Every structure is written in C-alpha cells, then in structure tokens.
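Here the structure is laid out as structure tokens; the discussion comes afterwards.
Since every read-out is calculated from the coordinates, none of them should be taken as a lab result. From a predicted model like this one, the values you see are computed outputs, not experimental measurements. Note: ideal-geometry Cβ built from the backbone for every residue, glycine included; neighbour counts use all protein chains shown.
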Amino acid sequence: MKTRKSVSKRLKITKNGKILARKPGFNHFNAKQSRTKQLAGRKGKKIIMSNGLKSYMVPFN
C-alpha cells in the first residue's frame, strides 16, 4: 500500500489522530496584513476525514 505523497505533504496527523492543514491564502504577500491576520495564518485548520479515507491516503501515520 502506497502513501499518497501529495496528501502527506499537505497534512499533518497529530499524536491523537487529528488532521491539521494550513489555512489557504497565507503563502505570500503578508506584509500588508495586520499582525493578527499574519499570525492567524500560521495556525492549522482541522480537517474532518473518515478513518477509511485517512488510512487510504496516509496509511503509515
């Protein structure tokens, strides 16, 4: 069974099994944003995924 590399590079699976991803739209051009918006982009966004799909996409985590 192979890991889907495109998915594994974008997601982080925590110790308790939660799936975190970066918020979209915070890659560049952040200098004009307020400091609170800049820091909000650093936080991960929780993704809800079924166990079957999670084991299919990233089986070894």
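In table form, for the structure just shown:
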| quantity | calculated |
| --- | --- |
| Every residue from the range 1-46 that is hydrophobic (A, V, I, L, M, F, W, C), in a helix (DSSP H, G or I) and within 28 Å of residue 59 (Cβ to Cβ) | 7 |
| When residues of the range 15-26 are limited to those that are under 13 Å from the mean Cα position of the chain (by Cα) and basic (Lys, Arg), the one surrounded by the most Cβ atoms within 10 Å (Cβ to Cβ) | 22 |
| Close pairs (9 angstrom Cβ cut-off, 6 or more residues apart or separate chains): among the small types (Gly, Ala, Ser) in the range 24-48, surrounded by fewer than 11 Cβ atoms within 10 Å (Cβ to Cβ) anywhere | 41/25; 41/27 |
| When residues of the range 27-61 are limited to those that are of a type in the set (D, E, K, R) and surrounded by fewer than 13 Cβ atoms within 10 Å (Cβ to Cβ), the one farthest from residue 16 (Cα to Cα) | 32 |
